[in-house]
Each structure stands twice: as structure tokens, then as C-alpha cells.
Amino acid sequence: MAMDMTGSDGVLSVSAEHLPGLIWLVAAPLAVCLVIAAATTLAGRGSAPAARLVGWFETLPVAARAALFASMIGAGVHAAIVQTHWQEDRTRAWLFVLDTVAFIVAFVWTLGLRPHWRMVNLVVLLGTVGTYAAYLLKGWESLDLVGLLTTTIELAVAIVLVVQPRTAVGTAKRRERWTLVAALPIALGLLLGTGAVASATNQAHHHHHMDDMDMHDMDMHDMDMHDMDMHSHH
């Protein structure tokens, strides 16, 4: 059974409730790129603070940069759509609040490269991805563009942290970058596959439920006809 891609509930659709998350997905990376470009320009003109910022960024492992980016995206997207879920599903809203806090903690922890920063990020990332996948398979959430992009980033970074459990040095840094590049389509494929399975499963369950209702209606109709026959005999 094909997964809907462009319909109102398709993968490439964005509901009004998730629009703030999409805005963050677009604005946050642009803002980061602008800050880095500005800092690099100022450092080239002799700005000491900008030079320190650029120097610090360049010393960060690729995996740490990716983890910081994933935490920034995850925290921003979840925080942006807490309010939209607050009225309709308070439990889900609180889960979004918890996720936002967890991503902020992971971001701060990684910022200073504190002990076990990789494990902290893995717990947050895999916990978030696993919960989202469970919601998809249960039919409590449908895969849309915001969920697809956000979770692809989270899962891709988690893959990098698993494949590269130690800080890369020398030529290994290039391999770490290529691992991140390869992890993105893998994560995207896994998410699309999960969405397809969830869509097929939930549609089959819906059809089964409708068949049961039709059978129930037929039984009720037969009972009504039987009652009418009984009354006519009387």
C-alpha cells in the first residue's frame, strides 16, 4: 500500500500546528551560517573575540558539531509546537517540554565537551527518535515534513555517534565527515520506511474496523427485520 506523499496528510505536507517548527527548521541553520560567516570575516579583520570563536569551533570534533546542531534543531522544533499541542493533547505537550529540556541539557553538555557527552546525546536522540517511531506505528502521529526532517537529523547524528565512538584525529576526521554525509540518506530511508509501515498498518486496522462496523450494522438490520416479521405475525 503506497504512502501518501503530497496530500493533506502526506509526508511533504505541513499542518498549521507544525508550521512554527518548520520556520525554526529553516531559520536556525541560516542563523548559524550567518554567525559563522560573520565571525570568520571579523576574525580576518583582526577581531580577537571573533578569532577565539572561530578557533574554538574549528577544534570541535565533527560529531560534536553535529550533536550541537541536532540539539539546537530538536529543542527549537519541540519548543515551537508545544503550545499547539497544549489544548488538544496535554500529555504530548508535556513530552515536548521534556524533550526540549533534554535537548538543551545535551547542548550545554556538548558545548563544553564534558565527560560522556556522546552518551548523553545518544540517550536523548535515540529516546526522541524511538518515541516518535512508536507514535507513528501506533497511529497517534502521522509523518509530515517537519517530523521527517527533524527526526532524520536526529537519527543521522545518532548513527554518527554510534559508528564513531571516539574523537577522530588526523585523517579520521575526513572519514567522520563522510560518515555524517552517508548517515543522512540512511536515516531518511529508515524514517520513510517506518512511515510506510505505519501507514499500511493503520489503514489495514481502519479497514478492519470498518468491516466490523458493517457486520454489526448488518446484524442490527437483520434483527430489525426479524422484529418486523414477529410483529406482522401478531
Some residue of segment 104-126 being surrounded by fewer than 16 Cβ atoms within 10 Å (Cβ to Cβ) and polar (S, T, N, Q): no
Failed condition for Val11, given (1) modelled with pLDDT of 90 or more; (2) closer than 20 Å to Glu154 by Cβ; (3) assigned to a loop (DSSP other than H, G, I, E, B); (4) not hydroxyl-bearing (Ser, Thr, Tyr): (1)
Any hit, segment 163-173, residues being at pLDDT 85 or above, crowded, with 16+ Cβ neighbours inside 10 Å and within 26 Å of His78 (Cβ to Cβ): no
Odd one out for Thr41 among (1) at pLDDT below 90; (2) surrounded by 12 or more Cβ atoms within 10 Å (Cβ to Cβ): (1)
Phe57, sole failed condition from (1) buried (at least 16 other Cβ atoms within 10 Å of the Cβ); (2) assigned to a helix (DSSP H, G or I); (3) in contact (Cβ under 8 Å) with a residue 12 or more places away in the chain: (1)
Test: residue in segment 120-137 that is closer than 15 Å to His18 by Cα and within 16 Å of the chain's Cα centre (by Cα): yes
Which numbered condition Leu30 misses (of (1) of a type outside the set (Val, Ile, Thr); (2) surrounded by 11 or more Cβ atoms within 10 Å (Cβ to Cβ); (3) at pLDDT 95 or above): (2)
Enumerated helices (runs of 4 or more DSSP H) restricted to segment 68-180, each holding at least 1 residues that are under 23 Å from Leu190 (Cβ atoms), in contact (Cβ under 8 Å) with a residue 12 or more places away in the chain and out of contact with any helix residue (DSSP H, G or I) (no Cβ under 9 Å at 6 or more places or on another chain): none
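Only residues that are hydroxyl-bearing (Ser, Thr, Tyr) and either closer than 18 Å to Val82 by Cα or not in a helix (DSSP H, G or I) (or both): list them for segment 19-50, please.
As a first pass, look at segment 19-50 and keep what is hydroxyl-bearing (Ser, Thr, Tyr): 40-41, 47.
Residue satisfying the conditions is Ser47 alone.
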Segment 138-152: number of residues that are over 15 Å from Glu17 (Cβ atoms) and exposed (fewer than 15 other Cβ atoms within 10 Å of the Cβ): 2
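With respect to Leu125, is the statement that it is under 18 Å from Ala64 (Cα atoms) and of a type outside the set (Val, Ile, Thr) true?
Details: under 18 Å from Ala64 (Cα atoms): yes; of a type outside the set (Val, Ile, Thr): yes.
Answer is yes for this residue.
The values are calculated or read from the model by the stated rules, or taken from the named source; none is laboratory data. These figures come from a predicted structure and were not determined experimentally. For neighbour counting, all protein chains shown are included, and Cβ atoms are generated from backbone atoms with ideal geometry for every residue, glycine included.
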